[in-house]
1. With a 1.4 Å probe and every protein chain kept in, tell me what percent of the accessible surface of region 207-265 is carbon plus sulfur.
2. With respect to the cross-link table entries LYS211/LYS258; LYS178/LYS231; LYS111/LYS211; LYS178/LYS211, which display a Cα-Cα separation exceeding 22 Å?
3. So what are the three principal axis dimensions of region 79-233 from its Cα atoms, in whole Å, longest to shortest?
4. Rounded, prolate or oblate: which fits region 175-226, taking a ≥ b ≥ c as square roots of the Cα gyration tensor eigenvalues, rounded meaning a/c under 1.5, else prolate when a/b beats b/c?
5. Carbon and sulfur together cover what percent of the accessible area of region 139-200 at a 1.4 Å probe radius?
6. Roughly how many nanometres apart are two label points built 7 Å out from the Cα toward the Cβ at ARG95 and GLU210?
7. State in Å² the accessible area per residue of region 115-246; use a 1.4 Å probe, count heavy atoms of protein chains only, and round to the nearest integer.
8. Which FRET efficiency value, to the nearest 0.05, is calculated for GLU42 and VAL79 with the Förster distance at 45 angstrom and r the Cβ-Cβ distance?
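The values are calculated or read from the model by the stated rules, or taken from the named source; none is laboratory data. Quick caveat: nothing in here was measured; it's all calculated off a predicted structure. Because the Cβ atoms are built from the backbone with ideal geometry, glycine has one as well, and the counts that use them run over all protein chains shown. Remember, those area values only see protein heavy atoms, side chains included, never the ligands or the DNA or RNA. Shrake-Rupley method; radii C 1.70, N 1.55, O 1.52, S 1.80 Å.
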Amino acid sequence: MDDGQSNSRGGTATSIDSGLGKDMHERKPRTRGITECEGDPEQQVKMKQKLDRVARPSSVSALNALKLSGLIPESEESVLGSIHLDLAVYHETCRFNANMQDKNSAHFHLKAAADCGNQLALVAISSIYLGLPNDILPALNHLDAAELVPDNMEDRGLDFMVSAAHNGDVNSILFLAKAFDCGLNLGNDRRQSYGQAMEWYQIAVDQGVEKRYLIMARMAEIMLMEDSGCKDPNGAGELYSEAAEAAMEEMCGKLANKYYMLSEEAWALVEE
């Protein structure tokens, strides 16, 4: 190749765009510039939060361990729980096998979803274990689950129902309040307790349940009972008065008058 060809515009040895004709020691090393994230304090905080974020666990045991350690709030809805609940529904509705309804697998995934804290699963499995109807897996009943639960089903059902009630399920709250009030449907591990009944009744009232005046009136009755451990005639009078006002709001005039009279009788016991 002659000098004309070697010095042509396309020659790599002397091309302006090529670095081969330059001394390698003269090239400045590339330095990383300051990114927008590094320069903005708000972006730095967001980046740190992303780095500190706990990865979502892929198993029920890992999820429960993180909840116990406090790294994940107890009330946080679990994606894993939602997946298990969907799988339970698929098995119960024969989505995987049109010729077989796999109730064992449906129960397994339902329990896994409940262990993850899924609210729908908690309500469903507590209803199944306690022999109550449920809308999530209607084909799975108390007898089906009895073959799959080694422990006392009623106690396990109440455990799940307590979790559902703490998460705000009104039906679970009322069930527990009435169970502790009358002493029925409490299994082997729990006993009648007017004190716990009053706590659950109060939660139900705070939740704004329908016809809350009936619950207030029952609470007032308990506070007038000698053996309830909660006797407080003055508090009973106040509850009857609040129940009367709530009844008036619902246009229940006769019931409101009854509660006003009972409040006066309760306050009369205080004066005595």
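1. For region 207-265, the apolar C and S fraction of the accessible surface comes to 49 percent.
2. LYS111/LYS211
3. 62, 30, 22
4. Working: a/c = 2.39, a/b = 1.42, b/c = 1.68.
It comes out oblate by the Cα gyration axes.
5. Working: 1390 of 3090 Å².
For region 139-200, the apolar C and S fraction of the accessible surface comes to 45 percent.
6. Result: 3.1 nm between the two label points.
7. Dividing the accessible area of region 115-246 by its residue count gives 47 Å².
8. Details: r = 28 Å, r/R0 = 0.62.
So, using R0 = 45 Å, E works out to roughly 0.95.
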